[in-house]
């Protein structure tokens, strides 16, 4: 079974950046921490020429784990707090099946043949 990579993106209205980051820490991150099947989660704020897009990249054991978290409509973005509706200008979510993994400095790869 392959690890599933879920990439959630949200464009935040500039006047609501501080509020958005506070809600991420108060609601979204603690919610993610409680999910069975979640292997890792990274949140990111805009950097460089990106001025308004935040990202949450989560790694899941399988699609069933994502479904257990968000339901049968697992391919849609999830906004866990209604206060975010006025803050977010647009969202998207994409899913990927991991086919390789680099563990820095170990020379290990996900699909590397075992000897």
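Read-outs throughout are calculated quantities, based only on the coordinates presented, and are distinct from any laboratory measurement. Please read these numbers as outputs of a predicted model, since none were measured by experiment. Counting neighbours? That spans all protein chains shown, and the Cβs are built from the backbone with ideal geometry, glycine included.
Express in whole angstrom the spacing between the alpha-carbon centres of region 57-104 and region 1-53. Each part reduced to its Cα centre gives a spacing of 10 Å.
Packing here is the average count of other Cβ atoms within 10 Å per residue, and on that basis the peptides 5-12, 52-59, 66-73, 93-100, highest first, run 5-12, 52-59, 66-73, 93-100. Panel order for 60, 74, by other beta carbons found within 10 Å of each beta carbon, from fewest to most: 74, 60. A Förster radius of 22 Å combined with the Cβ-Cβ distance from residue 50 to residue 26 puts the calculated FRET efficiency at roughly 0.40. Based on a Kirkwood Rh over C-alpha pairs, give the Stokes-Einstein translational diffusion coefficient of region 23-78 at 37 °C and viscosity 0.692 mPa s in µm²/s. Value of D from the Cα-based Kirkwood radius: 265 µm²/s. Sorted ascending by nearby beta carbons within 10 Å, beginning with the fewest, 51, 43 become 51, 43. Extension gain for residue 67-residue 13 works out to 16.5 nm (0.36 nm per residue, less the C-alpha to C-alpha distance).
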